[in-house]
1. Out of all the residues in the stretch 554-564, is one or more assigned to a loop (DSSP other than H, G, I, E, B), among the β-branched types (Val, Ile, Thr) and either within 17 Å of ARG443 (Cβ to Cβ) or in contact with a His (Cβ under 6 Å, 6 or more places away or on another chain) (or both)?
2. Just to be sure before I move on: is PHE83 modelled with pLDDT under 65 and either in a helix (DSSP H, G or I) or closer than 20 Å to GLY216 by Cβ (or both) in the structure I sent?
3. For residues that are closer than 24 Å to GLU266 by Cα and in a helix (DSSP H, G or I), tally how many sit in the stretch 117-145.
4. Take the conditions of a type in the set (Lys, Arg), surrounded by fewer than 17 Cβ atoms within 10 Å (Cβ to Cβ) and more than 23 Å from VAL588 (Cβ to Cβ) and apply them to ARG312. Does it pass?
5. Going through the stretch 575-589 one residue at a time, which ones are under 28 Å from the mean Cα position of the chain (by Cα), more than 17 Å from ARG338 (Cβ to Cβ) and aliphatic (A, V, I, L, M)?
6. Can we say PRO331 is in contact (Cβ under 8 Å) with a residue 40 or more places away in the chain and within 23 Å of PHE490 (Cα to Cα)?
7. Checking PRO555 against (1) more than 17 Å from the chain's Cα centre (by Cα); (2) closer than 29 Å to ARG66 by Cβ: exactly one of these is not met. Which one?
8. Considering the stretch 506-564 alone, what residues qualify as being touching an Asp or Glu at 6+ places or on another chain (Cβ under 9 Å), surrounded by 22 or more Cβ atoms within 10 Å (Cβ to Cβ) and among the aromatic types (Phe, Trp, Tyr)?
Amino acid sequence: MTKLPTSDQTATSDHRMSHLSPNDRDAAIDRLYDVALDPTRYEALLDHWESAIGPLRAQADFHAPRLLDDPLIEGHFERASTFLDRVEATAEDGGLDAILTPFDRVPAFLLDKQLKVRASNAAGQVLMGIHPGARLADLPVAAEDLQAVESAVRSVLSDSREDTAILRVRARRKERFTLLRLQLCHTADGQPLVLTASNEVGWPKGYSDILRKAFGLTGAEADVVHRLVECCSVTEIASRRQRSVDTIRAQIKSILSKTDTHSQVELVRLALSMMDMATLTVNAAPGPRLVSRGYNSLEERTFNSLVSSDGRRVDYLVLGDPAGRPVLFMPLDYGLVRWPAPAEAEAARLGLRIIVPVRPGYGGSDPVGKKADYDAAFIADILQVLDAENAGPCPAITLGGDFYYAVQIALLHPERLTAIIACAGVPPLTRREQFERMEKWHRFILAGAKYTPHLLPFMVKAGFLMARKIGKRGFVHAVYGQCPADVETFEEPSVFEAIVTGSEVALSDTHSAHAAFSQQLLGRQTQDWSGDLDELRGSLPIFFMNGLQDPQIPPATLKEFREDHDWIDYTVYADAGQLIFFRHWRAVLERVTSLSQ
């Protein structure tokens with residue numbers, strides 16, 4: 001039995017990272033494909049990426065900070081993103097079958113601490129004869145190699161930092177080697193298991209063509225990859241292909257260069273990960289319901305639709321009193337288009353008509369083109385929605401980063417807004433330290449948008465699929481775990497219903513707005529737009545309502561903002577975070593009604 005090396009022990013490509021160390025680079029690439037295979041491993045990528053990229057941000061030019069402008073790492077992100085699209089990401093119940101869902105042709109099974117098979121997929125049962133209840137000794141592995149497999153499984157299950165392993169073992173009844181990939185995973189209740197995948201697999205039909213198109217391989221090179229996955233030696237491949245050993249080595253060197261891998265081990269790992277995903281597809285049904293429907297107290301609301309000047313469908317909701325005084329509500333890039341039921345009822349009682357545009361690419365609103373100006377399109381949509389509602393000058397309530405869009409509307413069309421009430425308002429970020437202070441989830445995405453924008457689509461797409469996989473409650477607890485006020489707010493039943501129901505326009509069983517989410521972050525939001533905001537000084541009332549537990553705008557950043565823009569009216573709450581609107585909506589409505597008095 002041979003444990004495959006994890007460092008470069010074979011021919012390598014000529015590419016070299018200009019910023020990341022080789023170890024950081026290889027670990028990042030490893031985690032990329034782990035996430036592409038299993039989005040629930042997103043946080044492991046986040047943590048490693050932060051430790052590797054964080055120090056580089058300190059060396060970057062804040063105003064022209066693009067990092068890792070390197071085709072090697074970018075190529076891996078693009079390929080992982082492409083294959084992430086093919087992973088079945090529909091939410092499951094979190095059981096053992098859900099863990100095995102991404103595997104089809106590749107035999108896969110789950111081992112527990114007692115070295116007993118808890119579950120096995122169809123390929124594992126048919127190709128390897130592994131059924132639930134089997135013991136480690138039942139694996140079709142040569143007896144002399146079973147001890148090494150057992151040691152590797154126990155090591156992965158331990159508290160060590162190595163939660164993956166790759167083993168090359170001898171098959172029991174065949175004169176060939178078998179590759180076993182071990183990965184730590186957990187059940188919904190936290191029980192640790194080892195996910196074991198094998199290359200005991202028939203080469204999927206059409207898979208050579210996928211490899212050729214993805215990496216620009218020749219037919220001969222794709223066949224060499226096929227043989228390497230089968231654990232054939234260079235000599236065996238040369239014999240089968242009736243070529244010299246030197247020719248096969250030259251082909252392997254070419255393959256490593258084209259795939260941006262640095263060893264046969266990394267190449268095989270990449271091929272196996274892609275094989276797991278090659279036959280899977282994302283549910284491509286159209287967007288979510290035409291009706292926003294809660295499950296408890298929220299009233300059913302029908303989405304209104306219109307057609308934009310460029311032919312796109314634009315959806316919006318009206319909450320509160322349909323005939324009341326207009327109020328524009330901009331619901332954050334999580335798409336929080338619904339309010340807690342008591343808040344919607346209070347808006348109706350106060351005679352307020354809450355107009356909620358659904359941004360491009362969310363819900364039933366058509367996306368904009370990849371090269372289109374997302375910010376301009378969204379602002380045009382908002383103005384068209386206000387016109388459709390015959391809304392005269394009105395106040396705007398914004399959540400988080402949507403304050404930026406309200407400022408742009410006020411600059412372009414000063415007659416449209418009478419005030420901006422920014423809940424958890426995000427200021428123009430003018431200092432590197434303001435990114436560094438964010439909690440890790442927000443820093444990962446927002447710093448990614450500023451410093452590594454070319455890699456952002458994968459980061460966002462994987463985050464959305466992780467949220468779908470673990471559920472919105474699990475996602476909120478992960479993102480806001482260091483902000484007790486936000487977790488407590490989210491768990492209030494009416495808030496929970498509003499957030500889960502409203503955010504369907506961003507993420508549902510049949511729809512994911514990850515592409516639109518990335519597009520808007522790649523606009524001007526992460527740049528310094530202080531000049532835009534300062535132009536409104538003295539011309540438009542702006543009110544900030546911020547919580548001291550905000551993971552994106554912590555107290556030190558808020559203090560700097562108050563010093564930079566001391567003309568804005570600030571109200572600060574010690575018991576709130578980024579979800580401050582859902583905790584203090586009564587204070588927000590009081591502010592709205594006071595504006596008309």
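The values are calculated or read from the model by the stated rules, or taken from the named source; none is laboratory data. Computed from a prediction, not measured in an experiment: that's the story for all the values here. Because the Cβ atoms are built from the backbone with ideal geometry, glycine has one as well, and the counts that use them run over all protein chains shown.
1. Just the residues of the stretch 554-564 that are assigned to a loop (DSSP other than H, G, I, E, B), to begin with: 554.
In the following step, the residues that additionally are among the β-branched types (Val, Ile, Thr) were identified as none.
No - not one qualifying residue is present in the stretch 554-564.
2. Numbers: modelled with pLDDT under 65: yes; either in a helix (DSSP H, G or I) or closer than 20 Å to GLY216 by Cβ (or both): yes.
Yes: the conditions hold for PHE83.
3. Adding up the residues that qualify gives 3.
4. Working: of a type in the set (Lys, Arg): yes; surrounded by fewer than 17 Cβ atoms within 10 Å (Cβ to Cβ): no; more than 23 Å from VAL588 (Cβ to Cβ): yes.
Against the criterion (of a type in the set (Lys, Arg), surrounded by fewer than 17 Cβ atoms within 10 Å (Cβ to Cβ) and more than 23 Å from VAL588 (Cβ to Cβ)), ARG312 does not qualify.
5. The answer is ALA576, and nothing else.
6. Details: in contact (Cβ under 8 Å) with a residue 40 or more places away in the chain: yes; within 23 Å of PHE490 (Cα to Cα): yes.
The answer is yes for PRO331.
7. (2)
8. PHE517, PHE544
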